[in-house]
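A quick write-up on the structure given underneath.
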Amino acid sequence: MNYEVVIPAAGQGKRMKAGRNKQFIEFHDKPVIAYTLSVFEKDPTCTGIILVINEIEKDEFLKLIDTYKMTKVRALIQGGSERQHSVYNGLKAVQTGIVLVHDGARPFIDHSIIQKLAHAANEDGAATAAVPVKDTIKRVENLEVIETVERSSLWAIQTPQAFRLSLILEAHRKAESEQFLGTDDASLVERLKHKVTIVEGDYKNIKLTTPEDLLIAKAIIDSERGETIC
């Protein structure tokens with residue numbers, strides 16, 4: 001199932017405390033965003049990558065695309081003030097019926113999951129990668145436990161999220177007109193009362209958000225390279 005992918009990479013990632021866009025943090029001299037782009041570059045069913053960036057970093061991204069020969073990046077789109085606005089800007093450049101939205105700081109997504117998502121979106125209109133919650137979850141107010149949440153029906157949502165282009169554009173237009181900010185793109189589709197299918201993801205598919213995540217990412221990369229993890 002052919003698709004295009006929108007990758008928002010304009011955020012500064014303040015929780016990472018890196019003093020720069022976390023997309024350019026390097027592992028083995030290769031930036032995070034290059035690992036992410038490589039996954040889609042190598043997928044024969046990906047027909048195009050829409051990269052949403054901060055305009056002041058455009059030259060850095062152009063250099064990276066050239067260095068790693070990312071031939072499928074066909075558009076660099078200016079990001080918005082929020083991730084949701086950035087994704088919407090990117091969606092307007094998509095040319096296929098099926099589109100994926102994937103975080104630039106999730107470099108460990110698997111091709112098989114991508115294909116399942118694309119097929120699910122084609123069949124059902126919307127799908128998201130997710131994994132069952134493993135930890136006990138408690139609802140807390142003012143540092144006091146209010147209740148323990150029954151977790152058998154709880155899933156931690158990841159990206160990619162996959163959609164029929166017409167559906168996700170409709171969802172974004174509605175959100176824009178009502179000045180609604182969702183926590184992810186799937187939540188915008190939910191507001192249309194349209195079902196979102198779950199495709200079981202991989203616990204390895206982490207989003208690099210805080211400095212601690214970098215330790216996990218290094219371990220994953222070293223493991224995949226067959227190196228000893230110290």
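The values are calculated or read from the model by the stated rules, or taken from the named source; none is laboratory data. Every value quoted in this text rests on a predicted model; they were computed, and no experiment measured them. Heads up, the Cβs are rebuilt from the backbone with ideal geometry, glycines too, and the neighbour counts pull from every protein chain shown.
Odds and ends about this structure:
- The C-beta contact set for region 153-174 (first residue closer than 13 Å to N89 by Cα, second residue of a type in the set (S, T, Y) and at pLDDT 95 or above, distance under 6 angstrom, 6+ apart or interchain) comprises H172/Y88.
- Between H102, H111, H119, the distinction of being touching a residue at least 40 places away in the same chain (Cβ under 8 Å) and touching a Pro at 6+ places or on another chain (Cβ under 7 Å) belongs to H102 only.
- The residue pairs whose first member lies in region 81-95 and is part of a helix (DSSP H, G or I), whose second member is among the acidic types (D, E) and crowded, with 21+ Cβ neighbours inside 10 Å, and whose beta carbons are closer than 8 Å, counting only pairs six or more residues apart or on different chains, are Q84/D185; V87/D185.
- Filtered residues of region 125-170 (kept if at positive phi and among the hydroxyl-bearing types (S, T, Y)): none
- Of the strands (runs of 3 or more DSSP E) that lie entirely inside region 112-230, those containing 1 or more residues that are closer than 21 Å to G80 by Cα span 155-164.
- Going through (1) surrounded by fewer than 17 Cβ atoms within 10 Å (Cβ to Cβ); (2) out of contact with any Pro (no Cβ under 8 Å at 6 or more places or on another chain); (3) touching a residue at least 12 places away in the same chain (Cβ under 8 Å) one by one, I216 falls short only on (3).
- In region 191-211, the residues that are under 17 Å from K134 (Cβ atoms) and surrounded by fewer than 14 Cβ atoms within 10 Å (Cβ to Cβ): E200, Y203
- Filtering region 90-115 to residues that are of a type outside the set (G, A, S), buried (at least 19 other Cβ atoms within 10 Å of the Cβ) and within 30 Å of E26 (Cα to Cα) leaves L91, V94, V99, L100, V101, H102, D103, R106, P107, F108, I109, I114.
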